[in-house]
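Inspection log for the structure reproduced underneath, given as C-alpha cells.
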Amino acid sequence: MGNNTAVEVKNLIVHYETEEGIVEAVNNVSFSIEKGEVMGLVGETGAGKTTIALSIMGLLPHPPAKMYSGEIYLDGEDLTKKSLKEMQKIRGKKASMVFQDPMTALNPVIKVGDQITEVIKLHDPSLSDAEAQKKAIDMLEMVGIKGDRFEEYPHQFSGGMKQRVIIAIALACQPELIIADEPTTALDVTIQAQVMEMMKSLQHELNTAMLLITHDFGIVANICQKCAVIYAGEIVESGTVAHIFDNPMHPYTKGLFGSIPSLDKDVERLTPIKGQVVDPTDLPEYCSFYNRCDYCTEKCKECDPKLVEVEPGHFVKCIHVMQGAEEG
Amino acid sequence: MALLEIRDLKKYFSTPRGMLHAVDEVNLDIEEGTTLGVVGESGCGKSTLGRTVIRLLEPTSGTVMFDGKDITSVTKRQFHALSTQMQMIFQDPYASLDPRMSVAELIAEPIKVHKLTRNRAEISERVRDLMDTVGLARRLERSYPHELDGGRRQRIGIARALALNPKFIVCDEPVSALDVSIQAQILNLLQDLQQEKKLTYMFITHNLSVVRHISNEICVMYLGRVVEKCEAKELFVHPYHPYTKALLSAIPIPNIHIEQKPIPMTGELTSPINPPNACRFAPRCPYATEQCRSSEPALEEMTPGHVVLCHRAKELNDL
Ligand SMILES: Nc1ncnc2c1ncn2[C@@H]1O[C@H](COP(=O)(O)OP(=O)(O)OP(=O)(O)O)[C@@H](O)[C@H]1O
Ligand SMILES: Nc1ncnc2c1ncn2[C@@H]1O[C@H](COP(=O)(O)OP(=O)(O)OP(=O)(O)O)[C@@H](O)[C@H]1O
Ligand SMILES: [Mg+2]
Ligand SMILES: [Mg+2]
C-alpha cells in the first residue's frame, strides 16, 4: 500500500444469509482511494454498493450479513480487526458516512440544530455551548438552510433539507474518509452543485478521500477522479474518469451510458439495458451479465472472466475485451 | 376543460414562529392524458403541492377542480369515492411498502381497502393482471419487498397506484433511487401506461433530463410559488426566470470535457415563514432592484403558454 493511500479494500466478500437463500451481495471487490481523491461507485440498484460502504464503516448488520473475506485498510490499519468500540471511535473521527436514506439518519425527537451542535462538540470538546451553536448555525447556512430553522424538528424539513443537515453533520467532524451514499439524490441541482462544491473544497483543504456512491454520471464527471462500475457484487470496470467516460469498454457500462435521457436530443422512448436484474441468490458460474449482454457468445458461458488491465489503470471484466487486448 | 384545474391553492403549516408558506397561490391546469413536470429547490413545496392536490393534505385555501368537480369542498365521505381516481407514487419504494406483506398482498391492499370487490378469485385475478401490466413476473407473487431490487419495488408501487384505475397520478420522485437503466425501464412503463389508459401525471423530480423527456409542460417552483411554466422543451431553450436559469446552469452533464459553470446563488435565503411582500428570489437574484425587494411580481405571459413570475423578465430578455 502506497504512502498516499487513504483506504484500501482487498478481496471483500459479503453475503446476507436469509431464510430465502444466500444473497451474494459483494463478490471479491478490491479497490483503493488515495488521499485527496474522489472515487465514484456506480452500478445498478442492488449491486452491493451500500453493502461495501457499510463494510468499511463496520456497520454491516450481523446477522444476516457475513463477511467471508476482506481486508480494509484505513490509514494503514486493518479495520476488520478492530473491536466494536474501536470502530465506534473511528466512525466519529476518521471516517464518516452520509447515508442514502435521510429519513432514518436523523433522530426525530431532537431539534435539528441540536443534532449538529452535538457532533461539533464531540469533535471539539473545548468549544462552549454558544460557540458550538454558532458553528452549527453556520453549517446550516452553508448547506443553504436559513439559520432561524435551527429549533425545528426533522419532520418539519423536506427530504432534501434533511439530507443537507446530514451532510453538514458528516462534514462537521472533518474526517479522513467520507463515504457518501447517494448524498445528493434528494437535492435540486443548484443545491447539489453547492453541496458538491462545498465537499470538493473541504476535501481538497483537508486532503480527505471520498467514496461517492451515485447513479448520476453527471456528478461522477464533475467531481470524481476515478470510477468503478459494479454489477451483481463485482467490479466489472474501473479506471480514471477519462477511461470510463471516453472509452467505456464493458457492455454494462456502455448500456448505462445508453440509458441516460439526453438534454438536447428528443427520443420517443429510452433504451434501457434489456432483461432483468440477476437474482443475487442464484448467480451463474460464468459472467453474471451474460443474459443481458448484447455481445454475449457461447464462449462467455465457459468461465468467469477476470478483471484485466486493458490499458494502464483501466480494468475490465469481459472476455471479449480480454481477447481484444491480447490480440493487441 | 382541463382534467385538473388548480386555483389559488395555498397550503400553510403553522410553526412556532408563524405560518410557513409551503404552497402559495398556485394556479395550474393539467390537460387529460398529459404530464406536468414540477421542479424546484428542495423544500420549495413540490411534495406538499402534490399531496394537497389529491387532498392527502387539506388545503389552507383555494380550489382543485378534478374532472369538473371541486374536490376541496366535497365532504370527506364524498371524497373517499373520488379518491380512487387520484393516486400517488412515492420516491421511496422501500419506505412506502409494508415489509410484512407479500407482493400480491401489497397490490391487493388498495382493492380491499376501497372494497372494489370482495371476491377472492376476482382479487387475485386483478392482482395478476396488474403484475402483468407493470412487468412483474407472476412467480414473484409470494415474494417480500426486501427480496426485490429497487426497480421491482417501484413496479409494486406503480401497480398499487394503478389498482383502482385512477385517472390522475402524482409521481413524487418515482425514479430518483434507481440506476439509469432501471430508470429508463420505469419511465418507458409510465409512458406506455399513459398512452394505454390516457393517464394524467404530475411528475415531481430533481432530474432535469428526466423531466424534459417525460413532460408536456414543466413548472418551476421557488419557495411555494410557481415562478415559470411553459412547454417542456421550451424551458431549456428559452428560460426567463433568473432562478430557472440558475437551475439549468447547474445540471451535471455526464461528459468530462464540458466544464460546468453553475450560476452561483449567493445572498440571504428568504424564510418560508411569513415571507415578506417582495419577490422571494430577490435576495439571491443578481438582477434584483428596489422594486423586486418591495413588491411581489405577478405571473406574466411572455409568449403564448409561457408564464413567468419576475418584475424584470421582459427587460432582461431584451438585454
Ligand atoms: N439486511 C439485508 N438482508 C438481506 N439482504 C440484503 C440486506 N441488505 C441488502 N441486501 C441485499 O444485498 C444486495 C445488495 O444490496 P445493497 O443495498 O448493497 O445494494 P446497492 O447497490 O446499494 O443498491 P441501491 O442502488 O438500490 O442502493 C441486494 O440484493 C439486497 O437486496
Ligand atoms: N408537516 C409539516 N410541518 C411543517 N412544515 C412542513 C411540513 N411539511 C413540509 N413542511 C415545510 O414545507 C416546505 C415544503 O416542503 P415539501 O416537502 O413540500 O418540499 P419539496 O419541494 O417536496 O422538497 P424536496 O425536493 O426536498 O422533497 C418546507 O419548508 C418544509 O419544511
Ligand atoms: Mg444502496
Ligand atoms: Mg418532496
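A few notes on this one:
- Sorted largest first, extent of segment B:198-319 alpha carbons per principal axis (Å): 41, 40, 33
- Over chain A: helical MRE at 222 nm, DSSP H runs n ≥ 4 each giving -39500 (n - 2.57), nearest 500: -10000 deg cm²/dmol
- Mean projected area in nm² (Cα convex hull; one quarter of hull surface) for segment A:110-267: 11.5 nm²
- Normalising the Debye intensity of segment A:76-197 to I(0), with uniform scatterers on Cα atoms only, and taking log10 at q = 0.09, 0.13, 0.23 Å⁻¹ returns -0.25, -0.52, -1.41.
- Normalising the average separation of contacting C-alpha pairs (under 8 angstrom, six or more residues apart) by the number of residues puts the relative contact order of chain B at 20 percent.
- Long pairs among A:Lys49/A:Lys121; A:Lys254/B:Lys233; A:Lys93/A:Lys135; A:Lys254/A:Lys317, criterion Cα-Cα beyond 20 Å: A:Lys49/A:Lys121; A:Lys254/B:Lys233
- Fraction of accessible area attributable to carbon and sulfur, segment A:43-138 (%, probe 1.4 Å): 57 percent
- Measuring max minus min along each principal axis, the C-alpha atoms of chain A give extents of 68, 51, 43 Å (largest first).
- D_trans [Stokes-Einstein, Kirkwood Rh over alpha-carbon pairs] for segment B:49-90, 37 °C, 0.692 mPa s, µm² s⁻¹: 312 µm²/s
- Each Cα pair under 8 Å and six or more residues apart adds its sequence gap; the mean of these over the residue count of segment A:59-164 is a relative contact order of 26 percent.
- For chain B, the carbon plus sulfur part of the accessible surface works out to 49%, probe radius 1.4 Å.
- Against the empirical curve 2.2 N^0.38 Å, the C-alpha radius of gyration of chain B lands at a ratio of 1.06.
- Trypsin sites (Lys or Arg not before Pro) restricted to segment B:33-108 and DSSP loop, no more than 10 other C-beta within 10 Å: B:Arg100
- Rh (Kirkwood; distinct C-alpha pairs) - segment A:80-150, Å: 13.7 Å
- Size of segment B:71-228 as Cα extents on the principal axes (Å, biggest first): 49, 42, 29
- Average 1/r across all pairs of distinct alpha carbons in segment B:255-319, invert it, and you get the Kirkwood radius: 13.7 Å.
- Summed buried accessible surface, chains A and B, 1.4 Å probe, nearest 100 Å²: 4600 Å²
- Approximate shape of the protein assembly as shown as ellipsoid semi-axes (Cα gyration tensor, √5λ), whole Å, largest first: 39, 32, 25
- For segment B:81-141, relative contact order (Cα pairs under 8 Å, six or more residues apart, normalised by length) works out to 28 percent.
- Set against the 2.2 N^0.38 Å expectation for a compact globular protein, segment B:1-112 has a Cα radius of gyration ratio of 1.19.
- Summed over the residues of chain A and divided among them, the accessible surface reaches 44 Å² per residue at a probe radius of 1.4 Å.
The values are calculated or read from the model by the stated rules, or taken from the named source; none is laboratory data. Being a predicted model, the structure only gives us computed values, none of them experimental. For neighbour counting, all protein chains shown are included, and Cβ atoms are generated from backbone atoms with ideal geometry for every residue, glycine included. Ligands, DNA and RNA are excluded from the accessible area calculation, which covers all protein heavy atoms including side chains. Shrake-Rupley method; radii C 1.70, N 1.55, O 1.52, S 1.80 Å.
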